1. Which length gain, in nm to one decimal place, applies between residue B:120 and residue B:216 when the Cα-Cα distance is subtracted from 0.36 nm times their residue separation?
2. Please compute the Cα-Cα pair-distance distribution of chain A with 20 Å bins starting at 0, giving whole percents from short to long.
3. Any idea what the relative contact order of the stretch A:512-641 is, in percent, if you count C-alpha pairs under 8 Å spaced at least 6 apart?
4. What is the distance, in nm, between label points placed 7 Å from the Cα along the Cα-to-Cβ direction at residue A:190 and at residue A:23?
5. In a solvent-free Debye calculation with one equal scatterer on each Cα, what is log10 I(q)/I(0) for the stretch B:96-265 at q = 0.12, 0.16, 0.17 Å⁻¹, listed in the order of the q values?
6. With contacts defined as alpha carbon pairs under 8 Å and 6 or more residues apart, what's the relative contact order of the stretch A:348-415 in percent?
7. Mind pulling the angle between the C-alpha long axis of helix B:183-196 and the longest principal axis of chain B? Nearest 10 degrees, somewhere in 0 to 90.
8. In debye, nearest 20, what is the charge dipole magnitude of the protein assembly as shown about its Cα centre with +1 on Lys and Arg Cβ and -1 on Asp and Glu Cβ, if you could check?
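Please treat every number below as a calculation from the coordinates, not as lab data. This is a predicted model, so every value here is computed, not measured. Cβ coordinates were reconstructed from backbone atoms using ideal geometry, including for glycine residues, and neighbour counts include every protein chain displayed.
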Amino acid sequence: MKALLNHYAPPSGVADELFEDGALRPVWSPLVRHLATQSSDQLAARFARGDQYLHDAGVYYRQFTGPESAERDWPLSHVPVIISGDEWQGVADGIIQRAELLEQVAADLYGAGTMVRDGLLPAELVARNPEWLRPLVGVQPRSGHFLHFLAFEIGRSPDGGWFVLGDRTQAPSGAGFAIENRMATSRVFSELFANSNVERLGGFFNRFRSALNGLRQESEGRVGILTPGQHTDTYFEHAYIARHLGFDLLEGGDLKVENGTLTVRTIHGREPVGVLWRRLDSRFADPLELDETSALGTPGMVSALQSGAVAMVNCLGSGVLESRALMAFLPRICEQLTGAQLKLPNIATWWCGQEKERAFVLDNLDRMMIGPAMSSQLPFELGATTALGGKFRDTAQRPVAEWLAAEGGKLVGQEAVSLSTTPAMIDGKLVPRPMVVRVFAARTEKGWTVMPGGYARIGKTTDPTALAMQKGGTVADVWIVTDQPGKQAALTDHQAKKPFMRRLPSQLPARAADNLFWLGRYVERAEASMRLLRAYNRRLATHGPDALPLVEYFAEHLTQFGLSPDRAVPDGILDMLGASVACASEIRDQFSTDGWNALNDLRRASADISTRAQLGDDAMHAMSVLLRKTAGFSGLVHENMFRFSGWRFLTMGRALERADQIAATLIRFTAPDAPTGSLDVALEIGESTLAHRRRYSVESSRNTVVDLLALDDDNPRSILFQAHKLHDEERRLANAVQRVAMSDVERLMLKLQTDLAISSPQEMTGERLAGVRGELAGISDAITAYYLG
Amino acid sequence: MQFDIRLRIAYDYDTPAAVHRTLLRLQPRICPGQNLVFSNVTATPAASSRAERIDFFGNKLSELVHERRLERVEFTFEGRVQRDAKGGRLDLSCPLAGMAAEVGAVQSIANWSPHHFLGKSPRIALEPDIAAFARELVTADMSVLAAVKTVSQAVHQHFSFDPSATDVSTTTLDAFHAKRGVCQDLSHVMISALRSLGIPAGYVSGFLRTDPPPGQPRLEGADAMHAWVRAWCGAETGWIEIDPTNDTLAANDHISVAIGRDYSDVAPVKGALKSEGGHQTAHQVDVIPV
């Protein structure tokens, strides 16, 4: 133990999580003892287990470097932050008091405005706050409340107590990441975790899910999570929570406000959405009444809230509570409204729009952070317009005193932050690092409930301004350890008492179906291209580039399909796989992590191989490798994906594309003027060489090849087989809603199927096959118009 | 006196457009000195659903939904307004130097509060160039009302009225530098200038009398909906309205429709249009004394 703690020397003047007054806090001793028994190899293996989990689960974050961004590994600090249950109870009480207070403030700012009238809050701070949304003034939230889900950034001050550094009332993120941190950390310390009384997180999410379902009105089937989409840094979490809790992941463009209801476009028409958990900043939510430049919003959303068409978590406009300046006034508001002090103080804050406060800040510059009053950033997140200890980072700024005099109303002073330190394992040693914890609170039928745990952020260095992930900070799990065994609340626990009821899945949002359909098409198109390239390179390898007319004929075909015959892995393949990943990333909530990983693996492998493979034999083998990986993805999806309607769209996309690819192959390689060897190419691409040999004891002729690849309903690589499949899947979709009249989609499918079934190989001329391709395009358009438009 | 007002705004789309939801602010306000005798807003084709509301600033708002795609849509307002503007009065406004204290003393976020009309708003940034222009015009001991009139006159002289120079998306700063524009540009520049002096200022959309009284020239901007400025001149004087395009205080010839921080709060027609092609707009106003 000594060796482990040798280098652990918390800086003076701040509190430490591991030690209190020089003594190890009792709640940490099991973990420290456990760590001390591990060799460095054992520990490395444990940490790797946690990292592997996160990698497999697809947890990543977005690193922004200028306008570019890239997905990076999730930076988990493997050592959790441990807090005793007794101490935590105090924090939770303070959080609940604060949540209730903020609700009162929100209701007043969007209602009577008495706090401003009575001088508790300066009018200027409200009127100039860009998150105070005038169109929401007077709104009465259907749920009866403005706030339902909140987060608070808390830290431990040098005196040992906890304090609030920031309120997250807009659309707080991190709760989903907290679960993933827990999953990973509990794998790192599996035995210890199992034997420690660590409070479990599941119950919190159970209660909040019930609460959200409880906000629905009778006729409403849906709770949706409103996301800005896949380009947001927290999109992973939106998809994760949607999947975890079983809610729809929706974007503003999926929604429409009509006749006093909010509806989502599903594959079977519009359906009402009664509850939205909003992960999109308020001002983007309605381009008509809020930010008119927003492309993410839903016209009429404000109107939907006013008319009570939807309950929103949190109500639009809730971001007004996040501004730093509010913290200068909350302590007094609390006293005035409740007669009690804040149980959990917030960071000392002075609004410089007031003469006395401005003078105080000026007199105490050395221990102040000065920054924008309306900002919601934490006091240690220093920007270009922030001064710490009387100095700007950017030395070009004017003197601070002048700045305060000129722009006092726009500024606050906040006490320079001293955060406590917590152990991080760096290079095999425990070292103290500054930390903050994000705590989550949810409103349930019985009032606010606080997640027993949280999302800790840990500094890269001892400098507290380097906490942000973008600056190399890490994140950690938070263990609340009690004397009692933690209750094992799995997600389904509290449902157990209720009678079992099988629930019909809600209708698939049209945008998700569209992405699945195209995912099916793109992956199949990539696969067909790989088969073409494999056959081509086989012939190159055997005969050389100039030996046969067939090779040239083949090269022309590749070019027509955007596949350069001069490249082992043409860009066309990479583009198709890129398009597949783009579709998949729009619908992360719809299919499994395994499938997602397999698809990404396939794309990475192709990109990798493309840099070194050579034409001919090498490329032929490369295509075999990629085909196996493609089969791996398809297998995962088709074996494991539940037969929701989403799966049917994926399958229809695949069937349609495959039929089209076969038709294209037949047109080219069974043409009357095709060079010798073309028929064998068609059979090889159609994976039907063996079947042909079995079925026909004769040499391949145009008729036998066309029969097998176009008209044989036992061959999964025939056009007719795929036409059957298309029609089957479509009928199941239609049956799900008891469709009475035949749709255009079905009419077109049935016609194609019937025409093919009664055709002879002789009739399947090149012209006729081109006609089939046209019909398939018509079916694709019809599917889009009927289900996805 | 009374006016009969007719307004017609029509959109022709090159390809049928999903107009869907439209917010109209076309009906004159009811406020001291102005009353609405009758009023009717129509859409052709008729909306599938429609609701009437009052917005934050007290403007009348019609919310229309068209379910079908449209090749053409036309909105009209017809009504009669009783207008009895108060005559001239003594300048009781405080000196410019005392303005910060006057504003600070107002503890309200109700819609009349001057606090909404300082600082930036969606279409008006605080531009140093415009602030410098304004600073040159005033002195600290000037009364606020005098300062407002001075700025109005200066903005009027700075600009040449030129409908071809700008459109609804021209920024305030660009119009200021171009020195050409229409009522919207002049109003935005003047608001920016007043706010930089600490004078709360807002935007008014409305109608101008189209045929002048005998012997008087026709006012600029009468052919379409017009815009001018309102400024808060301290607790005693309150809000006054002034038209920099014509460099005159708004009186009986000005009929106000909607007020807000800038154009984005009062746009007569606001829609979320989805259309592949372009469109043409026709806009016609008649304001006739009864």
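1. Numbers: separation 96, 0.36 × 96 = 34.56 nm, distance 3.76 nm.
Here the answer is 30.8 nm.
2. 14, 39, 30, 14, 2, 0
3. Numbers: 132 pairs, mean separation 48.9, N = 130.
38 percent.
4. Inter-label distance under the simple model: 3.6 nm.
5. For the stretch B:96-265, the Cα-only Debye profile gives -0.49, -0.88, -0.99.
6. Details: 103 pairs, mean separation 34.5, N = 68.
Worked out over the stretch A:348-415, it gives 51 percent.
7. Relative to chain B, helix B:183-196 is tipped by roughly 40 degrees.
8. Details: 111 positive and 127 negative charges, 395 e Å.
Here the size comes out at about 1900 debye.
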